[in-house]
Amino acid sequence: MNTVDQAIKLVKNWRRHKAVIHPRTVQFMYHWMRGTTTLPYPPLKLHLESTSVCNLRCPMCPQSLDAVKGDTGYIDMDLYRKIVDEASKFALEINLFFRGEPLLHRKLPELLRYGRSKGVRLHVNTNATILRESQARMLVEDGASKVTISFDGPDKAMYEIMRKGAKYEVTLQNVRQFLALVKEYRENGRPTPYTVMQVILPYDATQKGPNLPQHMRDLFADLPVDEWDPIWPHGWAGVMQENEVVEAQPYGENYHPCNWLWKSLAIYWDGRVASCCADFTADQLIGNLKTSSLMDVWNGPEMVKLRTLQVEGRYKEAPLCAGCDAVWQKDTPSWSLFDAIEKQIRPSSLPTGRLTSIAAPAAGEAHVSPHAAELGPQTVASIAAARNGFTGPISATGWKNGPAGMPSAN
Ligand SMILES: C[S@@+](CC[C@H](N)C(=O)[O-])C[C@H]1O[C@@H](n2cnc3c(N)ncnc32)[C@H](O)[C@@H]1O
Ligand code: SF4
């Protein structure tokens with residue numbers, strides 16, 4: 001999750017992201033680079049968790065640590081309608097997932113139809129393990145605008161390690177069946193979702209980026225995969241950085257605020273709001289949509305203070321951001337280009353780039369945060385927080401000293 005590369009990819013893969021290629025994208029880039037903390041535009045996109053329940057325990061995902069234990073549920077229609085009614089006025093896309101597997105929500109057809117009736121573009125990301133024919137038809141007919149299939153590993157052996165609990169042949173058959181349906185609909189001139197095949201490949205320090213093996217493409221050669229998206233595992237804000245099964249890509253060398261805080265919000269199944277979709281244990285809550293509006297939360301005190309911490313280089317004071325690789329950019333041509341443009345926009349007093357005063361989290365640091373300890377033995381957020389030098393008490397809202405204890409916004 002290297003955010004500069006991610007921003008460049010967003011522009012390069014314009015078809016996939018056409019919902020976000022919008023004048024507001026330029027506004028977002030400008031204010032992110034400038035370091036504005038109260039934003040004059042609404043969130044561009046949302047992660048809206050249809051359910052936090054998952055049928056797999058993939059070792060590169062915090063779900064494998066039972067991170068959501070005690071916090072499982074399905075969004076109800078009333079809350080969903082309230083959120084979509086507001087979001088449809090400005091969100092360019094809603095990801096109907098965050099934690100969990102969206103196909104497990106038995107009302108997914110209703111969620112899709114309601115969103116579509118409000119003119120919202122809906123993106124479903126699925127492990128495809130239960131994507132049988134009726135589900136495939138539902139995704140196509142009920143209006144998913146984009147479907148991303150997570151089909152990891154170059155072969156059966158690797159797939160079944162990466163997708164613990166899944167069977168390679170079953171998923172392959174499901175995906176082929178789904179794509180065959182998309183093909184049939186397209187041949188009949190009917191609307192279909194944009195299809196993305198996301199493949200997580202083992203990190204390889206000798207390569208510049210992940211290389212998709214040709215035999216994986218060949219598996220779907222006759223079928224409509226609109227885009228292949230090979231990626232290396234990221235560390236989920238530090239939580240999975242040093243897990244023992246799947247090596248995450250390392251932190252980069254250049255500090256920069258993470259773009260998620262400038263473009264999106266992540267919402268749990270029960271209306272609580274997270275600052276970003278890496279927060280599997282709700283350690284950095286910023287509001288609740290049962291009692292507030294999206295816009296109140298977007299520029300509310302917690303979110304503004306979080307942006308402020310990152311802009312001022314004080315990311316370690318926020319429990320989740322403290323371990324996140326999204327604030328550490330690698331030396332790449334994308335970074336150099338971005339850095340050159342940013343110098344024209346950003347006040348020189350704000351820290352960014354290769355700095356001596358700020359360091360990436362050191363390997364092997366681990367403490368347990370009280371909040372995660374309360375959640376049980378699977379202390380995901382704690383590992384993230386801890387790895388990063390965050391050891392203070394966390395209040396009921398998940399904040400170190402409560403929002404009031406944080407520095408004031410500009
Ligand atoms: C948390 S999952 C939820 C949706 C669904 N259960 C799935 O697996 O597609 C969302 C996305 O995160 C991806 N993911 C999980 N762990 C990852 C990691 N360590 N690095 C990069 N992507 C990861 C999954 O492959 C999936 O595309
Ligand atoms: S990556 Fe998706 S399928 Fe795998 S454990 Fe995480 S949420 Fe579940």
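Label point 7 Å out from His22 along Cα-to-Cβ: which residues of the stretch 101-118 have amide N under 14 Å?
The answer is 118.
Among the listed pairs Lys69/Lys118; Lys107/Lys156; Lys45/Lys290; Lys146/Lys290; Lys164/Lys208, give every one whose C-alpha distance is greater than 22 Å.
Lys69/Lys118; Lys107/Lys156; Lys146/Lys290; Lys164/Lys208, as the Cα separations exceed 22 Å there.
Quick one: Ile267, Ile358, Ile345, fewest Cβ neighbours within 10 Å first, how do they rank?
Ile345, Ile358, Ile267
Output needed: percent of Cα pairs per 10 Å distance bin for the stretch 174-325, bins running from 0 to the one holding the longest distance.
10, 27, 26, 25, 12, 1
Looking at the stretch 70-158, which chymotrypsin sites (Phe, Trp or Tyr not before Pro) are in a loop (DSSP not H, G, I, E or B) and have at most 16 other Cβ atoms within 10 Å?
The qualifying sites are Phe90.
So if we plug the beta-carbon distance of Ser348 and Ala157 into 1/(1 + (r/R0)^6) with R0 = 51 Å, what FRET efficiency do we get, rounded to 0.05?
Approximately 0.45, to the nearest 0.05.
Taking the Cβ of each residue in Ser293, Ser334 as the centre, tally the other Cβ atoms inside 10 Å and list the residues starting with the fewest.
Going from sparsest to densest Cβ surroundings: Ser293, Ser334.
Return P(r) of the stretch 226-268 (all Cα-Cα pairs; 10 Å bins starting at 0; whole %; ordered from short to long distances).
Whole-percent P(r) values from 0 Å outward: 21, 37, 39, 3.
Go through the stretch 126-135 residue by residue and turn each phi into a ³J(HN,Hα) via Karplus (6.51, -1.76, 1.60, θ = phi - 60°); whole Hz please, and just put x for glycine and proline.
Per-residue couplings from phi come out as 9, 7, 6, 6, 10, 7, 7, 4, 5, 5 Hz.
Rank these for me by crowding, Lys69, Lys305, going from fewest to most other beta carbons within 10 Å.
With the fewest neighbours first, Lys69, Lys305 line up as Lys69, Lys305.
Along Cα→Cβ, 7 Å out, is where each label goes; now give me the distance between the ones at Arg190 and Thr356 in nm to one decimal.
6.6
Whole-Hz ³J(HN,Hα) for each residue in the stretch 230-235, computed from phi via Karplus 6.51 cos²θ - 1.76 cosθ + 1.60 with θ = phi - 60°, x for glycine and proline: what do you get?
Once θ is set to phi - 60°, the couplings for the stretch 230-235 become x, 9, 9, x, 9, x Hz.
Provide the FRET efficiency to the nearest 0.05 for the Gln198-Asp296 pair, computing r from the beta carbons and using R0 = 51 Å.
About 0.95, to the nearest 0.05.
With +1 on each Lys and Arg Cβ and -1 on each Asp and Glu Cβ, how big is the dipole of the stretch 264-360 about its Cα centre, in debye rounded to the nearest 20?
Using only the charged Cβ atoms, the result is roughly 180 debye.
How much length is gained on full extension from Glu141 to Leu212, taking 0.36 nm per residue of separation minus their Cα-Cα distance?
Using 0.36 nm per residue and subtracting the Cα-Cα distance, I get 22.5 nm.
Just to be sure I understand the curve: with the Debye formula and one point per C-alpha of the stretch 92-145, what is log10 I(q)/I(0) at q = 0.19 Å⁻¹?
-0.58
Highest first, please rank the peptides 157-167, 270-280 by the mean number of other Cβ atoms sitting within 10 Å of their residues.
With the highest mean Cβ count within 10 Å placed first, the list reads 270-280, 157-167.
None of the figures in this text is laboratory data; all of them are computed from the coordinates on show. On a predicted model such as this, the values are computed, not experimentally measured, just so you know. Virtual Cβ from ideal backbone geometry, glycine too; neighbours counted across all protein chains shown.
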